[in-house]
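Here's the structure, in structure tokens; my notes come after.
Computed from the coordinates by the stated procedures, all read-outs in this text should not be read as laboratory data. Note that the structure is a prediction, hence the values are computed from the model and not measured. Here the Cβ positions follow ideal geometry from the backbone for every residue, glycine too, while neighbour counts run over all protein chains shown.
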Amino acid sequence: MDQGGEKDCMKRTRRVHPFVKIFVLAFAIYAAFTLVSLQLQIRNKEKEKAQLALLISDQQLSNDEIRDILECEDDTEYIAEIAREKLGYISPGERVFVDISSK
């Protein structure tokens with residue numbers, strides 16, 4: 001009887017329907033694709049975050065410069081500096097040397 005009981009146990013194992021196998025395979029492929037896609041999005045957002053951090057630090061430096069200018073009691077030094085750098089003006093008695101070898 002033991003041999004007959006073993007055969008009954010083997011007969012009771014169910015076979016998985018092919019549709020279930022296809023569904024599980026499709027879900028696994030979808031999950032893998034989604035994970036890869038999310039990793040790419042995370043990487044892109046991290047790059048964007050680094051670029052924005054650089055922009056923020058540049059803007060903070062600019063803001064600090066503007067704050068220093070606004071807090072400066074002697075505006076004539078600032079005006080003279082801007083006139084020299086942006087407009088090419090010089091002070092009386094000042095000599096300007098132009099380096100033409102770099103062009």
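Observations
- For region 59-73, the condition of being β-branched (Val, Ile, Thr), surrounded by 10 or more Cβ atoms within 10 Å (Cβ to Cβ) and within 30 Å of Glu94 (Cα to Cα) holds for at least one residue.
- Verdict on Tyr30 being part of a loop (DSSP other than H, G, I, E, B) and over 22 Å from the mean Cα position of the chain (by Cα): no
- Within region 67-87, the set of residues being among the basic types (Lys, Arg) and within 35 Å of the chain's Cα centre (by Cα) comprises Arg67, Lys86.
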